[in-house]
Each structure stands twice: as structure tokens, then as C-alpha cells.
Amino acid sequence: MRKAEIVASVIFLLISALVIYEALRLGVGWGLEGPQPGFFIFWLGLGLGICCVIGVIQVLVDRAIFMGKDFVSRRSLPEVLKVFLPMAGAILLMEFLGFYIASALYLGLFMRWVGRFSWGMVLLVAFFFAFSHYLIFEKWFLVPLPKGLLEPYIGL
């Protein structure tokens with residue numbers, strides 16, 4: 001388990017380094033009109049990197065914490081897949097359906113499948129999630145998010 005934790009942390013540390021590099025390339029300062037394109041991305045990448053370093057330090061310092069434990073046990077694998085599979089599906093659908101529809105579907109599926117919420121609550125929360133993100137990003141921040149192949153048909 002220690003080795004898996006270290007490998008996962010190093011992989012995510014490399015991803016955070018790539019995110020930070022790309023953010024720096026875009027610009028991370030604060031201009032007269034607000035943050036440059038890489039500002040928020042830089043801080044997210046830095047936060048991810050710090051968490052990875054902390055994770056590796058914890059594994060190296062406290063060896064007893066992982067003794068005899070599997071990275072993912074057979075019993076917990078279905079629960080892990082309940083989180084991973086909808087997320088992977090949402091990422092794949094993002095290109096075709098765009099952020100708003102894919103995220104609403106992901107949230108709705110996750111609420112129904114894992115949380116066992118009623119269909120009414122699922123539809124209400126999924127709609128307001130997508131709508132509020134549209135207002136925040138498109139109207140308030142003036143940052144367009146991917147709308148996928150459906151953009152000409154949904155009129156956003």
C-alpha cells in the first residue's frame with residue numbers, strides 16, 4: 001500500500017507541475033481587468049502539489065499506518081467504482097454535451113445512484129447546479145465554458 005500511495009502522489013505531483021507550468025505560460029498576475037487566464041489554475045495546481053508532498057511525507061514518516069492494508073480492498077472496490085465510473089463518463093461526455101449538460105447528468109446520476117435521492121430532488125438540484133454555473137461563469141465572470149456539439153441547438 002505504501003508503494004501505491006507514493007506512486008499515486010508522485011503522478012499527481014507531476015500533473016500539478018504541468019498545471020503550474022501551463023498556468024505560468026498563460027499568466028498568473030492580476031491585471032486592471034481582473035485575474036489573468038492562469039491565475040486560478042496556478043493556485044489549484046499549487047494546492048494539488050502541496051497535498052501530494054504532504055501525502056508522501058505522511059507515508060514516509062508513519063510506516064505503521066499502511067502495514068497490511070490494501071490500496072483498495074475487494075470489498076471497497078464497488079464503492080470506489082461508484083465514484084470513478086460516473087466521473088469518467090462525465091469527462092467523456094463533456095466534449096460532446098458540454099460542461100453544463102454533462103455536469104448536470106453527472107450530478108443527477110450520482111445523487112440517484114449513490115445518494116438514493118428522489119427523481120424530483122435529482123432533477124431540481126441538477127438543473128439549478130447547471131443554471132447557477134452558467135450564470136456565474138458566462139454572465140458574471142464572462143468565462144465561457146465548453147458547450148460541446150450541442151451549442152448551436154441550445155442557444156447559450
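We did not get these values from a lab; they are worked out from the coordinates using the rules stated. These figures come from a predicted structure and were not determined experimentally. No Cβ is skipped: glycine too gets one built from the backbone with ideal geometry, and neighbour counts run over all protein chains shown.
Full extension of the chain segment joining Ser118 with Gln58 gains 17.6 nm, where the gain is 0.36 nm per residue of separation less the Cα-Cα distance. Taken over the chain, lysine pairs spaced eight or more positions apart, or on distinct chains, with alpha carbons under 28 Å apart number 5. Which residues does a label at Phe96 reach in the range 111-148, if reach means a backbone N under 13 Å from a point 7 Å past the Cα toward the Cβ? Backbone N within reach: 148. Distances between every pair of Cα atoms in the chain, grouped in 10 Å steps from 0 to the bin holding the largest one, split as 10, 23, 32, 25, 9, 1 percent. Report summary: the helix-based calculation at 222 nm, which adds -39500 (n - 2.57) for every DSSP H run with n ≥ 4 and divides by the residues of the chain, gives -23500 deg cm²/dmol. For the range 99-145, the list of trypsin sites (Lys or Arg not before Pro) that fall in a loop by DSSP and count at most 16 other C-beta atoms within 10 angstrom reads Arg116. For the range 1-71, list log₁₀ I(q)/I(0) at each q in 0.19 Å⁻¹, using the Debye formula over Cα point scatterers of equal strength and ignoring solvent, two decimals each. The calculated log intensity ratios at q = 0.19 Å⁻¹ are -0.72. Rounded, prolate or oblate, given the Cα gyration tensor of the range 92-135, with a/c below 1.5 counting as rounded? Taking the square roots of the gyration eigenvalues as a ≥ b ≥ c, the range 92-135 is oblate.
Take every Cα pair under 8 Å whose residues are at least 6 apart in sequence, average their separation, divide by the length of the chain, and the relative contact order is 19 percent.
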